[in-house]
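These notes are about the structure you will find just below.
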Amino acid sequence: MSHQELINMTRSLVAHGAAGTMEYADEVVRVPAAAYTDEALFEREKKQIFRRLPLMVAPSCELPNPGDYKAMDICGVPLLLTRQKNGTIGAFLNMCTHRGNPLADGCGNASRFTCGYHGWTFKNDGDLLGVADSKDFGKIDKAAHCLKRFPVFESAGLIWATLDPDSILDIADYLCGYDDLLSAFGFESWHLFSQRTLAGPNWKTAYDGYLDFYHLPVLHKDTFGADFYNRANYFAWGPHQRLSTPSKYAVKVSSEDDLQIDLTEVADEDISYEVLVQGVWTIFPHISIASFYGGGLRGAMISQLFPGNKVGESFTTQFYVMENEPDDEEKIKAAHEQFDFLEIVVRDEDYKTGKRQHEALQSGLLKEVLFGRNERGGQVFHQWVEKLTNASDDDLLEIFAHEKAEAAE
Ligand code: FES
Ligand SMILES: [Fe+2]
């Protein structure tokens, strides 16, 4: 993991904080309002972004044991994730190769799946194990009728899959080294405490809210934002961005202490990992990771956002992951309270506002929306969405080969 890169970012944030400055984008950027409301564009985004690029489909701790599986539907593609016997993850098209019936629903633990239609059986590594009444059925090559596999990659305690079985875009290339930084959280050994799914507005309207601190003291003034600083500096690895407050202080919150550490007085080697990963880490095109404490224990909310069926709809699964499982009732209660609070903030403040905003944009009477010089995250996000929506498959390979090389410099 690039410890030095984390230190460098922290030092840059501290220097800006001490000087009362921030990094600005070059100019105010305008995005056509139709980018949020155009139905044809929305369908193109689902195809070109969500069905073609690697997506973070699950934290590893959602499938910790061999046999664990999860079925999900992403933009019309039925996906089955399994933790195989050898500990690796398999990502499959969740469709029986007989006539396409989805093999699994929800989540659970199973070493094999029997199709509920005619009874064909598959191993959780995708192999076709048995054709029901195979003599009656007739001869087929079983090896040619395994479950269709999607490219999959597990790193930093997170699992990515590409919902195009023919994709040759290397998932590690796509991440541009960002997973190396994310590994500072140590999610490989964390636990999934709780999860839930919320309905939200258009996926980009919803995602915009994860990419700016500008709104925190205003929209969230009644919950947590009143004392929050509204500035963020941005760090980018390809389309993936971290945002964090330029400040010389690290706010450390735990059951024992609640104090501000002046980082100008702390040596590099004494800065803890939890301070080094402060802020929000987004993974293009649909993930946001932020640290929290529940019951005095370290946790993070991983928000995973997907477009819904209509242009004005999205849904977000919030995973509340914890470094250590709370082991007594009081801590469990406090962790639930923290997580419930985050649901309220996102549902009743961010997404409620996003839905109103989307309805108003649908009037068509505002032609453009603005992203200020202090909102570089949104600027960069929309530029990448446009670029990747319009890129050919060959362009994609070139774009990420280039980004990876840049990030490595
Ligand atoms: S569709 Fe699965 S066994 Fe027939
Ligand atoms: Fe917000």
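The values are calculated or read from the model by the stated rules, or taken from the named source; none is laboratory data. Quick caveat: nothing in here was measured; it's all calculated off a predicted structure. In this analysis, Cβ positions are derived from the backbone assuming ideal geometry, glycine residues included, and neighbour counts consider all displayed protein chains. Only protein heavy atoms, including side chains, enter the accessible area calculation; ligands, DNA and RNA are left aside. Shrake-Rupley method; radii C 1.70, N 1.55, O 1.52, S 1.80 Å.
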Check on TYR234, of a type in the set (Phe, Trp, Tyr), within 30 Å of GLU43 (Cα to Cα) and in the same structural domain as GLY296 (by TED's automatic domain parsing): yes
Residue check for ASP227: within 16 Å of ligand 2 (Cβ to nearest atom) and modelled with pLDDT under 95: yes
Any chance ASP394 is within 16 Å of ligand 2 (Cβ to nearest atom), assigned by TED's automatic domain parsing to the domain that holds PRO285, without any contact (Cβ under 8 Å) to a residue 60 or more places away in the chain and assigned to a helix (DSSP H, G or I): no
Entirely in the range 256-313, the strands (runs of 3 or more DSSP E) that have 3 or more residues that are more than 21 Å from GLN48 (Cβ to Cβ) and of a type in the set (Ser, Thr, Tyr): 287-294
Those residues of the range 107-123 which are part of a loop (DSSP other than H, G, I, E, B), more than 10 Å from ligand 1 (Cβ to nearest atom) and open to solvent by less than 50 Å² (accessible area, probe 1.4 Å), in sequence order: ALA110
Which listed residue is open to solvent by 20 Å² or more (accessible area, probe 1.4 Å) and more than 16 Å from ligand 1 (Cβ to nearest atom), from PRO102, PRO78, PRO64: PRO64
Lone qualifier among ASP125, ASP68, ASP136 - being over 20 Å from the mean Cα position of the chain (by Cα), more than 16 Å from ligand 2 (Cβ to nearest atom), outside the structural domain of THR197 (by TED's automatic domain parsing) and over 25 Å from LEU192 (Cα atoms): ASP136
Criterion (within 24 Å of ARG231 (Cα to Cα) and charged (D, E, K, R)) met by exactly one of ASP350, ASP340, ASP328: ASP350
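Would you confirm, using the coordinates I've provided, whether ASP179 is touching a Ser or Thr at 6+ places or on another chain (Cβ under 7 Å) and outside the structural domain of PHE400 (by TED's automatic domain parsing)?
Values: touching a Ser or Thr at 6+ places or on another chain (Cβ under 7 Å): yes; outside the structural domain of PHE400 (by TED's automatic domain parsing): yes.
Judged against the criteria, ASP179 is a match.
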Conditions (1) over 30 Å from GLU323 (Cβ atoms); (2) in a strand (DSSP E or B): number failed by ASP164: (2)
In the range 180-203, residue nearest to VAL311 (Cα to Cα) [restricted to those that are crowded, with 23+ Cβ neighbours inside 10 Å and within 16 Å of ligand 2 (Cβ to nearest atom)]: ASN202
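Do we have any residue at all in the range 124-143 that's of a type in the set (Phe, Trp, Tyr), over 16 Å from MET72 (Cα atoms) and open to solvent by less than 60 Å² (accessible area, probe 1.4 Å)?
From the range 124-143, those of a type in the set (Phe, Trp, Tyr) are 137; that's our starting set.
Narrowing further to those that are over 16 Å from MET72 (Cα atoms): 137.
Narrowing further to those that are open to solvent by less than 60 Å² (accessible area, probe 1.4 Å): none.
No, the conditions are met nowhere in the range 124-143.
Name the residues in the range 174-193 that are part of a strand (DSSP E or B) and either under 14 Å from the mean Cα position of the chain (by Cα) or within 27 Å of PRO151 (Cα to Cα) (or both), would you?
Result: HIS191, LEU192.
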Residue that is of a type in the set (Asp, Glu) and either touching a residue at least 24 places away in the same chain (Cβ under 8 Å) or over 30 Å from ILE287 (Cβ atoms) (or both), where the choices are ASP133, ASP166: ASP133
Number of the condition not met by LEU365 [criteria: (1) over 27 Å from THR245 (Cβ atoms); (2) in a helix (DSSP H, G or I)]: (2)
Residue match in the range 275-292 (condition: modelled with pLDDT under 95, hydroxyl-bearing (Ser, Thr, Tyr) and over 16 Å from the mean Cα position of the chain (by Cα)): no
For ASN86: the one exception among (1) under 30 Å from GLU325 (Cβ atoms); (2) open to solvent by 10 Å² or more (accessible area, probe 1.4 Å); (3) within 16 Å of ligand 1 (Cβ to nearest atom): (3)
Top-ranked residue of the range 344-383 - restricted to ones that are over 13 Å from THR205 (Cα atoms) and basic (Lys, Arg), ranked as least open to solvent (accessible area, probe 1.4 Å): ARG376
